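For reference, the structure is listed below as C-alpha cells.
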Amino acid sequence: MEILILNGSIHGGSGNCGNLIRELQRRRRDIHWKVVHLSRTKFGPALAKRIAKSSAVLFLTGTYWDSWGSPLQNFLEEATVLEARPEILGKPAGVAVLMHSVGGKAVLSRLQGVLSTMGFLLPPMSGMVYSLSAQLALQSKSAQAEDFWGPGDLDVIVENLVSAAQLSVNWKVWPVDRKNFRKKWVNPRK
C-alpha cells in the first residue's frame, strides 16, 4: 500500500507539517510512504504519474490567513488538468490541517470540497485539524484532551484510506472542458 503525502505547507519539510509527517512515518511503518513537499516540487507530468501510482493521497497544510498554504494553492491551480481523470477519479484522499490558533476547520472543509469536486474520494473520518491548543491539552493530560484531534487520529485517517483504496467502483463524470479551460471569457468594452 503506497500513500502519497502532498505537503502544502510553505515551510516544506522543515515546519510543523514536516514534523507531523515524520511522526506519521514513524508510527505507521506498515505503509509505503512517498512524500512530496509542494514548496519544492511543482505540478507536472512526473507528479501526475506519482499521484496515479499511489493507492491514496494524504494532503497536509498549515493554516495561513484562513486558507491553505500557497504551495498547495499553486498545485490545485495547475492540477486542474486532472479533474475527473482516471488518475484521481475515486482515489481516496485524506486531509490534515495544522493551525496555530484559528481557522483550520474552515480550511479543512473547503479543501475537502475542492478535492471531492476534482474527483477524489473522501472516506468517512478522513480529515482532521491539529492545533496548538490541542497539543497543549494533550500535553497537560486534561480530561478534556480526548475530545481534541491529535496525531493519533491520523491512524484513523490512514486506516480509512487503506480501506477505501480496496474499493472498485465504476464512477461517472460530468463533462469537463479539457481543451480551453484557461480561456479568457471576460471581454472589456471598447
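The values are calculated or read from the model by the stated rules, or taken from the named source; none is laboratory data. Note that the structure is predicted; figures quoted are calculated from it, not measured. Positions of Cβ are backbone-derived with ideal geometry, glycine not excepted, and every protein chain shown enters the neighbour counts.
Worth a mention:
- Residue within the range 88-104 that is surrounded by fewer than 17 Cβ atoms within 10 Å (Cβ to Cβ), free of Cβ contacts under 8 Å to residues at least 40 places away in the same chain and either not hydrophobic (A, V, I, L, M, F, W, C) or not in a loop (DSSP other than H, G, I, E, B) (or both) present: yes
- Subset of the range 1-40 that is assigned to a strand (DSSP E or B) and among the charged types (D, E, K, R) - its residue that is nearest to Gly62 (Cα to Cα): Lys34
- If only residues of the range 106-151 that are loosely packed, with under 12 Cβ neighbours inside 10 Å and not in a helix (DSSP H, G or I) are counted, the one that is modelled with the lowest pLDDT is Lys141.
- Residues that are aliphatic (A, V, I, L, M) and within 21 Å of the chain's Cα centre (by Cα) are absent from the range 169-176.
- In the range 155-176, the condition of being free of Cβ contacts under 8 Å to residues at least 60 places away in the same chain, part of a helix (DSSP H, G or I) and of a type in the set (A, V, I, L, M, F, W, C) is met by at least one residue.
- Which numbered condition Pro45 fails, given (1) under 14 Å from the mean Cα position of the chain (by Cα); (2) under 27 Å from Val173 (Cα atoms): (1)
- Scanning the range 86-116 for residues that are polar (S, T, N, Q) and more than 26 Å from Arg178 (Cβ to Cβ) gives Ser101, Ser109.
- Glu83 fulfils the conditions (1) under 20 Å from Arg182 (Cα atoms); (2) without any contact (Cβ under 8 Å) to a residue 60 or more places away in the chain; (3) in contact with a helix residue (DSSP H, G or I) (Cβ under 8 Å, 6 or more places away or on another chain); (4) surrounded by 17 or more Cβ atoms within 10 Å (Cβ to Cβ) except for a single criterion, (2).
- From Ser54, Ser67, residue being modelled with pLDDT of 95 or more and surrounded by 21 or more Cβ atoms within 10 Å (Cβ to Cβ): Ser54
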